[in-house]
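The values are calculated or read from the model by the stated rules, or taken from the named source; none is laboratory data. None of these values were measured; they are calculated from a predicted model. As a convention, Cβ positions derive from the backbone with ideal geometry for all residues, glycine included, and neighbour counts pool all protein chains shown.
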Amino acid sequence: MKAIVRTSYGPPSVLQLKEVEKPTVGDDEVLVRVHAVALNIRDSFMLRGQPFFIRLTGEGLFKPKATILGADIAGRVEAVGANVKQFQPGDEVFGDISRGAFAEYVCVREQVIALKPAHSSFEEAAAAGIAAITPLQGLRDHGNIQPGQKVLINGASGGIGTFAVQIAKSFGAEVTGVCSAQNFDLVRPVCLLTFSEKGI
């Protein structure tokens, strides 16, 4: 299969398109043919190995252990392992797989993917990974958001911010969004009140 590979930390120029071995599905894994991948800030950090503490988390001190980056995918199940219960070949799925998404195929545990909503394109589903999971965990799991609460979303027009607004509203919260002036029209229809400041 083709994959975007790196052998060192550095700028995007260290990335190369190469032929690599197609993964073989394990008993507890799902083989997904990747149709769309989303880029996010984590990919940039991992590519450069910066901030430096990233290298101390098992990623490799002087050179990266993982050669294929990319976390957020959407695609179609090609094969399933003997112990997989939730998926079957042909299912359209998406999720945050941690790494390895910049390839034609990827093997993942069934727990890190979900069925793609039928009304969403592969591109839309891939974009929902980290950007949607981050505010969901923050608002629901750590913030214990409740109907009627007032929530301020700073950066309401960004990738995480737009999901945060939608998630907070789905829980019945009153949402105030903060964004830059150029994004005011994007945020105004979905928030009760929007502040606009340069540089935010």
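Of the residues examined, L56 is not one that is under 30 Å from V151 (Cβ atoms) and either without any contact (Cβ under 8 Å) to a residue 40 or more places away in the chain or assigned by TED's automatic domain parsing to the domain that holds G177 (or both). Condition check: surrounded by 14 or more Cβ atoms within 10 Å (Cβ to Cβ) and modelled with pLDDT under 90. Does A132 satisfy that? Yes. The residues of the stretch 140-165 that are within 18 Å of the chain's Cα centre (by Cα) and of a type in the set (A, V, I, L, M), listed by number, are A156, I160, A164, V165.
Within the stretch 5-62, restricting attention to residues that are within 30 Å of F87 (Cα to Cα) and among the polar types (S, T, N, Q), which residue is surrounded by the fewest Cβ atoms within 10 Å (Cβ to Cβ)? If we take residues in the stretch 5-62 being within 30 Å of F87 (Cα to Cα) and among the polar types (S, T, N, Q), then T24 is surrounded by the fewest Cβ atoms within 10 Å (Cβ to Cβ).
Contact map, the stretch 137-148: first residue in the same structural domain as Q166 (by TED's automatic domain parsing), second residue surrounded by 12 or more Cβ atoms within 10 Å (Cβ to Cβ) and assigned to a loop (DSSP other than H, G, I, E, B), Cβ cut-off under 6 Å, separation 6 or more or different chains; pairs are L139/I145; I145/F171; I145/A173.
When F122, F163 are checked against the criterion of being out of contact with any Pro (no Cβ under 9 Å at 6 or more places or on another chain) and buried (at least 17 other Cβ atoms within 10 Å of the Cβ), F122 stands alone in meeting it. Of the helices (runs of 4 or more DSSP H) lying entirely inside the stretch 89-200, those containing at least 3 residues that are within 17 Å of D72 (Cα to Cα) are 122-126, 129-136, 159-170. Within the option set G81, G75, being touching a His at 6+ places or on another chain (Cβ under 6 Å), of a type outside the set (A, V, I, L, M, F, W, C) and in contact (Cβ under 8 Å) with a residue 40 or more places away in the chain holds for one residue only, G75. The residue that is nearest to the chain's Cα centre (by Cα), counting only those in the stretch 109-119 that are surrounded by fewer than 23 Cβ atoms within 10 Å (Cβ to Cβ) and aliphatic (A, V, I, L, M), is V112.
Let's see how each residue does on (1) among the small types (G, A, S); (2) assigned by TED's automatic domain parsing to the domain that holds I160; (3) in contact with a helix residue (DSSP H, G or I) (Cβ under 8 Å, 6 or more places away or on another chain):
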position: V37; (1), (2), (3): no, no, yes
position: P51; (1), (2), (3): no, no, yes
position: L61; (1), (2), (3): no, no, yes
position: E78; (1), (2), (3): no, no, no
position: F87; (1), (2), (3): no, no, yes
position: A103; (1), (2), (3): yes, no, no
